[in-house]
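Here the structure is laid out as structure tokens; the discussion comes afterwards.
The values are calculated or read from the model by the stated rules, or taken from the named source; none is laboratory data. Just so it is clear, the model here is predicted, and its values are computed rather than measured. So basically every Cβ, Gly included, is an ideal-geometry build from the backbone, and we count neighbours across all protein chains shown.
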Amino acid sequence: MSHYFTDNRELEKKEKQLPFKFNGDDYTFTTYAGVFSKDAIDYGSFAFVKVLVNQDLGRRMLDLGCGYGTLGIIIKKTFVDLKVDMVDINPRAVELTMINKDNNKVDVNCFVSDKFENVKSSYTSIICNPPIRTGKDNIYSIFKEAYDYLEVNGSLYLVIRKQQGAKSAFKYLEGIYQEVDLLAKDKGYHIIRAKKLNIK
């Protein structure tokens with residue numbers, strides 16, 4: 001069985017166009033079979049981006065597990081001077097992000113990476129709608145590794161559903177980051193910020 005977090009370019013594309021309006025801007029996202037939430041923008045991403053556009057994301061942001069690009073593209077459109085890198089383990093997702101950045105006329109850098117494998121920069125903010133189906137060990141490794149790719153005073157932002165372990169994830173983050181806050185709850189989704197205040 002193929003998953004959205006694997007290389008599944010052998011699947012038939014079954015292309016769709018998803019119109020989306022946010023903060024007065026109109027977006028169009030192209031999707032294929034084999035990527036997360038291919039039929040509609042998922043509510044978790046919507047809840048997440050509503051919070052993110054009201055945060056200070058600093059100078060450089062990484063969208064980790066970007067899918068077909070919804071979050072990073074909307075954030076770049078909102079913060080035009082923010083440098084945005086977008087990565088995903090799935091080459092099909094990265095292909096779509098490249099299409100969608102052109103569709104929506106934003107300048108972002110996107111490339112294939114298994115978590116931080118091909119990431120060379122450090123960031124003032126990292127955002128992630130984590131791939132829950134990959135398992136708790138994998139998700140927690142993302143949380144831990146992200147610390148080393150954040151600048152001092154940088155923040156990791158996450159969205160996790162309550163029933164998918166938001167409370168335990170919050171406690172785990174408190175063991176790594178110096179400041180962890182619950183920024184919002186929205187229909188069962190918890191938006192969490194974990195801030196790095198010093199180098200361990």
(Q) Of all residues being surrounded by 11 or more Cβ atoms within 10 Å (Cβ to Cβ) and of a type in the set (S, T, N, Q) in the range 9-41, which is modelled with the lowest pLDDT? Just the residue, please. (A) SER37
Q: Any residue in the range 37-53 that's closer than 13 Å to CYS66 by Cα: show its pairings with residues that are among the β-branched types (Val, Ile, Thr) and assigned to a helix (DSSP H, G or I) at Cβ separation under 8 Å, as long as the two are six or more apart or on different chains.
A: ILE41/THR70; SER45/THR70; VAL49/THR70; VAL49/ILE74; VAL49/ILE75
Q: For the range 131-140, indicate whether the set of residues that are at pLDDT 95 or above and either outside any helix (DSSP H, G or I) or closer than 23 Å to ARG59 by Cβ (or both) is non-empty.
A: no
Q) Out of (1) in a loop (DSSP other than H, G, I, E, B); (2) among the basic types (Lys, Arg); (3) more than 21 Å from SER45 (Cβ to Cβ), what's the single condition that is false for LYS105? A) (3)
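Of all residues being in a strand (DSSP E or B) and hydroxyl-bearing (Ser, Thr, Tyr) in the range 149-200, which is nearest to VAL51 (Cα to Cα)? Just the residue, please.
Here is the first cut: in the range 149-200, the residues in a strand (DSSP E or B) are 150-161, 179-186, 189-195.
After this cut, where a residue has to be hydroxyl-bearing (Ser, Thr, Tyr) as well, the list is 155, 157, 189.
Numbers: SER155: 14, TYR157: 10, TYR189: 12 Å.
Filtering first and then ranking leaves TYR157.
Looking at the range 74-87 only, could you name the residues that are touching a residue at least 40 places away in the same chain (Cβ under 8 Å) and charged (D, E, K, R)?
Taking the range 74-87 and keeping what is touching a residue at least 40 places away in the same chain (Cβ under 8 Å), we get 74-75, 77-78.
Once the filter is applied, which keeps residues that are touching a residue at least 40 places away in the same chain (Cβ under 8 Å) and charged (D, E, K, R), the range 74-87 yields only LYS77.
Have a look at ASN198, ASN103, ASN90, ASN138 and point out the one that is surrounded by 14 or more Cβ atoms within 10 Å (Cβ to Cβ), farther than 17 Å from GLY65 by Cβ and not hydrophobic (A, V, I, L, M, F, W, C).
Numbers: ASN198 fails: surrounded by 14 or more Cβ atoms within 10 Å (Cβ to Cβ); ASN90 fails: farther than 17 Å from GLY65 by Cβ; ASN138 fails: farther than 17 Å from GLY65 by Cβ.
Exactly one of ASN198, ASN103, ASN90, ASN138 is surrounded by 14 or more Cβ atoms within 10 Å (Cβ to Cβ), farther than 17 Å from GLY65 by Cβ and not hydrophobic (A, V, I, L, M, F, W, C), namely ASN103.
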Q: For the range 153-161, state whether one or more residues are at pLDDT 95 or above, of a type in the set (Phe, Trp, Tyr), in contact with a strand residue (DSSP E or B) (Cβ under 8 Å, 6 or more places away or on another chain) and crowded, with 17+ Cβ neighbours inside 10 Å.
A: yes
Q. In the range 106-164, which residues are of a type in the set (Ser, Thr, Tyr) and either free of Cβ contacts under 8 Å to residues at least 40 places away in the same chain or under 17 Å from ILE89 (Cα atoms) (or both)?
A. SER113, THR134, TYR140, SER141
